[in-house]
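Here's the structure, in structure tokens; my notes come after.
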Ligand SMILES: [Zn+2]
């Protein structure tokens, strides 16, 4: 995501789905589960933290949300065209923080981007308590009890993600995963490539945890463009899984990748595909639009051409293989999350009353059959409709050209 002078928080991604999914797709209202065997302890601890944060959020919101946005830009940040049209208008469907967001689409190149963009204050406000703080506690609550199972299930998906580079680099020596979060991809891919040294980079403190727990050999914390200078020419492979869409300036991230790769090294990128039919079918309920966090949604052709301009040669492009069949399930979940009364979150002026909380639980419990049906339809569509045609994401592998600096 972002640049040095850009105070935006790390996209610790994990995209709609994946590490991504682990995170992006975990709505704030995800059901609280036992943590260390004690639901009450978890809820009490969370309530205390929410109460402590409420005055701080109230202070930030006292002047409205206007300062969270920059002026609307009149041209496409990808190609400069002034032919823009509004693609989507929505709200924060996951955390339900206040604010309205617009995605514009360039009529010349197809690039989709948040417009107006979030200001540095806005990036700070909307990322806060999503991947870290309350959000981290929420994720730990949801995932903690079955962490081992979750890690095992997602590990297979992580290993598949490493696959596209193997025909071109069967035994890379050093691999840098950018936006690594907790380092789960690195840990899983190491089972496939035991001789490879996997390092991770992230703006959040999670990367220190990944290094401490041995999931990455070295964890770099900070922005990629800033850290790239000290890592020049060091890596055989750089991966970015559901990272680039969070960046305020994707070009700088790609240039940083070129810098840290040795000549002939490989860049592996996986991002949501704004051309997916699900994007039109589900509209604002399509998880990969994820506002306000996804700042740029880049069509595959655009990314391939830009990589060529930057001194890469695209050697592989995958669509169906990158598809994660969760579109209908996630869409229904976002809908349920929007219908149910809000939970106890610090950006609400006061805690919800008992009746609201009971109603909230009832709506969520009542949605289980709908979610189960959506899950089945996702699987059926992936089989019958063809993953390639429906793909909600794509992967590109590009080789750094040997010539040049
Ligand atoms: Zn454009």
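The values are calculated or read from the model by the stated rules, or taken from the named source; none is laboratory data. The model shown is predicted, which means the values in this text are computed figures rather than measured ones. Don't worry about glycine lacking a Cβ; one is built from the backbone with ideal geometry, like all the others, and counts go over all protein chains shown.
Annotations
- Number of positions in the stretch 202-260 that are over 20 Å from the mean Cα position of the chain (by Cα) and more than 21 Å from residue 159 (Cα to Cα): 14
- Yes/no for residue 244 being in contact with a strand residue (DSSP E or B) (Cβ under 6 Å, 6 or more places away or on another chain), surrounded by 24 or more Cβ atoms within 10 Å (Cβ to Cβ) and closer than 20 Å to residue 102 by Cα: yes
- Residue that is touching a residue at least 12 places away in the same chain (Cβ under 8 Å), assigned to a helix (DSSP H, G or I) and closer than 13 Å to residue 400 by Cα, where the choices are 307, 329, 268: 307
- Options 138, 87, 161; residue that is surrounded by 17 or more Cβ atoms within 10 Å (Cβ to Cβ), modelled with pLDDT of 95 or more and either part of a strand (DSSP E or B) or away from the ligand (no atom under 16 Å from the Cβ) (or both): 87
- For the stretch 59-72, the criterion of being more than 15 Å from the ligand (Cβ to nearest atom), part of a loop (DSSP other than H, G, I, E, B) and surrounded by 12 or more Cβ atoms within 10 Å (Cβ to Cβ) is met by at least one residue.
- Checking each residue in the stretch 274-293 for being in contact with a strand residue (DSSP E or B) (Cβ under 7 Å, 6 or more places away or on another chain) and crowded, with 19+ Cβ neighbours inside 10 Å picks out 274, 288, 289, 291, 292.
- When each of 284, 259 is tested for being in contact with a helix residue (DSSP H, G or I) (Cβ under 6 Å, 6 or more places away or on another chain) and in contact (Cβ under 8 Å) with a residue 12 or more places away in the chain, the lone residue that passes is 259.
- Yes/no for residue 103 being under 22 Å from the mean Cα position of the chain (by Cα) and away from the ligand (no atom under 16 Å from the Cβ): no
- Among the residues of the stretch 212-226, those that are part of a helix (DSSP H, G or I) and crowded, with 19+ Cβ neighbours inside 10 Å comprise 224, 225.
- Test: residue in the stretch 373-391 that is in a loop (DSSP other than H, G, I, E, B), modelled with pLDDT under 95 and in contact with a strand residue (DSSP E or B) (Cβ under 9 Å, 6 or more places away or on another chain): yes
- Selection count, the stretch 308-342, where residues are more than 18 Å from residue 286 (Cα to Cα) and crowded, with 22+ Cβ neighbours inside 10 Å: 1
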